[in-house]
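The values are calculated or read from the model by the stated rules, or taken from the named source; none is laboratory data. All values reported here derive from a predicted model rather than from experimental measurement. Cβ: placed from backbone, ideal geometry, glycine included. Neighbour counts: every protein chain shown. Ligands, DNA and RNA are stripped out before the accessible areas are found, and what is left, the full protein with its side chains, is counted by its heavy atoms. Shrake-Rupley method; radii C 1.70, N 1.55, O 1.52, S 1.80 Å.
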Amino acid sequence: MMMNNPFKETISTEDELRDLLGYPSEVVKKKTIHHLDSHCRHFISLSPLLFLSTSDDQGYCDVSPRGDAPGSVLVVDDKHFVIPERPGNRRMDSLRNLLSNPRVGVIFMIPGLEETLRVNGKACIIKDEKLLSQMRAKDKQPLLGIGVEVEECYIHCAKAFKRSKVWDHETWLEADALPSIPAMLTAHVNSSEFTEEVIMKGLQESYEKRLY
């Protein structure tokens, strides 16, 4: 059954966008740099969470969170850093995308800080022992890393975080109001073999035994 496209009025040119939204300020136009200066390095050293955007050679996109202790991202020099590849669910969406398209976008976040650091560049999958050995955690060395060559980086303003109030704990839902992830996965997997109980046990085991 084909669904009707609900999007009837769309924008197709930059001129249309500019007519509606205007142009950036001088600060916004000039804020992009092309290397990791001391400020960017300090920001990255304090960030426990980043979001990695990739796409394949057909343009199909993916965004993946990467979380670890602050300082886990290894800054090699002012143009290169490495994201450790900790154990995941083995879908390897980001890694498979990088095999066909090296372009990446990264957003670094620091809890409580509403501005974020955005970095764009080219990436590769590395297995350099010398670099990976510097990213050990819980006595375990990552098997792989994502090496990023920096092309541009800049601070992203706080408006999204101010509007969402994401760091304001008073806006957080109570635990019993949050979505049930086991229930969602059970519905999506849609197999009598995987009940909520089975899914929940699998999640708990993964979180307890396979974080590193």
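Net charge dipole, the range 1-87: roughly 340 debye, given to the nearest 20, about the Cα centre with Cβ charges of +1 for Lys and Arg and -1 for Asp and Glu.
You can think of it this way: the chain between Q58 and Q134 has 23.9 nm of extra reach, that is 0.36 nm per residue less the Cα-Cα gap.
When only Cα pairs below 8 angstrom with a gap of at least 6 residues are kept, the range 1-67 shows a relative contact order of 18 percent.
Each 10 Å bin from zero up to the one holding the largest Cα-Cα distance in the chain carries the following percent of pairs: 7, 23, 32, 26, 11, 1. Relative contact order of the range 68-130, taken over Cα pairs closer than 8 Å and 6 or more residues apart, is 22 percent. Each label point was placed 7 Å from the Cα along the Cα-to-Cβ direction; for M92 and L20 their separation is 4.0 nm.
Per-atom-type breakdown for the range 48-111 gives carbon and sulfur 55% of the accessible area (1.4 Å probe, protein chains only).
Taking each of K127/K162; K8/K30; K140/K162; K130/K209; K29/K79 in turn, the alpha-carbon distance tops 30 angstrom for K127/K162; K8/K30; K140/K162. Of the GluC sites (Glu not before Pro) in the range 2-65, the ones in a loop by DSSP (not H, G, I, E or B) with at most 15 other beta carbons within 10 Å are E9. The length gained by stretching the chain between E9 and A158 to full extension, at 0.36 nm per residue less their Cα-Cα distance, is 50.7 nm. Largest mean-square fluctuation among H34, H188, H156, in a Gaussian network model of the chain whose springs join Cα atoms under 10 Å apart, belongs to H188. For the range 108-145, the list of GluC sites (Glu not before Pro) that fall in a loop by DSSP and count at most 15 other C-beta atoms within 10 angstrom reads E115. Residue order by solvent-accessible surface for W167, W172 is W172, W167, largest first, with ligands and nucleic acids left out and a 1.4 Å probe.
Of the residues K127, K162, K29, the one that moves most in a GNM of the chain with alpha-carbon contacts below 10 Å is K29.
Within the range 162-190, name every residue whose backbone N is under 16 Å away from a label modeled 7 Å from Cα of E197 along the Cβ vector. Residues 182-183, 186 qualify, since their backbone N sits under 16 Å from the label point.
Look at the alpha carbon pairs under 8 Å that are at least 6 residues apart: their mean separation over the length of the range 1-121 gives a relative contact order of 25 percent.
Averaged per residue, the chain has 72 square angstrom of accessible surface, using a 1.4 angstrom probe with ligands and nucleic acids left out.
In the chain, helices alone account for a calculated mean residue ellipticity at 222 nm of -8000 deg cm²/dmol, with every DSSP H run of four or more residues adding -39,500 (n - 2.57).
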